[in-house]
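Here the structure comes first, spelled out in structure tokens, and everything after it is commentary.
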Amino acid sequence: MAQIRILVVEDNNDNLELVRFLLERAGYQVLEAHDGQMGMDLAHQEIPDLILMDLSLPGVDGWTAARELKADPQTTSIPLLALTAHTLPGDRNRAIESGFDGYISKPINIQNFALDIEQALRAKKTDNKG
Ligand code: MN
């Protein structure tokens, strides 16, 4: 089976390194982008299995990138999780309205992280069957 590829869009290097470490430890292949435009470009080029995206990004922010990715037939079915410290109910709604399928809160809970990723990937498989 081909390795599952996850695109991480994050401008903060410490967060990026932590996420990369946790994903690689769980056996995933990591693609990385440091701003919203690069994230959208890589999503189109690579069609990853999942995208984890920060909201506050230089240039194109995460909300805008999410809207564009979900409006595009090529990338619309890729599970998209926000990686965010914005976790008040209003923030959550705003992320979902922008097209995110869910979110992982920062600071990252190292215990739950791999499970959250697994669940997001599984939710996608279930969608495809239906
Ligand atoms: Mn950021």
## Note on the structure
Placing each pseudo-label 7 Å from Cα in the direction of the beta carbon, residue 67 and residue 25 end up separated by a distance in nanometres of 3.7 nm
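Give me the percent of accessible area attributable to carbon and sulfur for segment 5-129, probe 1.4 angstrom.
Working: 3070 of 6490 Å².
On segment 5-129, the fraction of accessible area on carbon and sulfur atoms equals 47 percent.
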### Summary
With only helices counted (DSSP H, runs n ≥ 4, each -39500 (n - 2.57)), the per-residue ellipticity at 222 nm for the chain, to the nearest 500, works out to -15500 deg cm²/dmol
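Using Cα pairs closer than 8 Å and at least 6 residues apart in sequence, work out the relative contact order for segment 5-129, in percent. Working shown, then result.
Values: 193 pairs, mean separation 28.2, N = 125.
Once divided by the residue count of segment 5-129, the mean separation gives 23 percent.
Which order do the peptides 77-89, 111-123 come out in when sorted by mean C-beta neighbours inside 10 angstrom, highest first? Write out the running numbers ahead of the final one.
Values: 77-89: 17.5, 111-123: 14.5.
Packing proxy ranking, top to bottom: 77-89, 111-123.
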### Message
In Å², and per residue, what accessible area does the chain have when probed at 1.4 Å with the other protein chains present?
### Response
54 Å²
### Task
Work out from phi, with θ = phi - 60° and the Karplus expression 6.51 cos²θ - 1.76 cosθ + 1.60, the ³J(HN,Hα) of each residue of segment 80-96, listed in order in whole Hz, and give x for Gly and Pro.
10, 10, 7, 10, 8, 8, 7, 10, 5, x, x, 5, 4, 4, 4, 5, 5
### Query
How big is the charge dipole of segment 43-93 about its Cα centre, in debye rounded to the nearest 20, if each Lys and Arg gets +1 on its Cβ and each Asp and Glu gets -1 on its Cβ?
160 debye
### Message
Using a 7 Å offset from the Cα along the Cα-to-Cβ direction at both residue 105 and residue 85, what is the distance between the two label points in nm, to one decimal?
### Response
1.4 nm
#### Entry: Under 5 Å, built H, 5+ apart or other chain: amide partners of residue 31
6, 7, 8
### Task
For residue 93 and residue 124, calculate 0.36 nm times their separation in residues minus their Cα-Cα distance, and state this gained length in nm to one decimal.
9.1 nm
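The values are calculated or read from the model by the stated rules, or taken from the named source; none is laboratory data. For clarity, every value in this text was computed on a predicted model and none was experimentally measured. Positions of Cβ are backbone-derived with ideal geometry, glycine not excepted, and every protein chain shown enters the neighbour counts. The accessibility values were calculated without ligands, DNA or RNA, using every heavy atom of the protein model including side chains. Shrake-Rupley method; radii C 1.70, N 1.55, O 1.52, S 1.80 Å.
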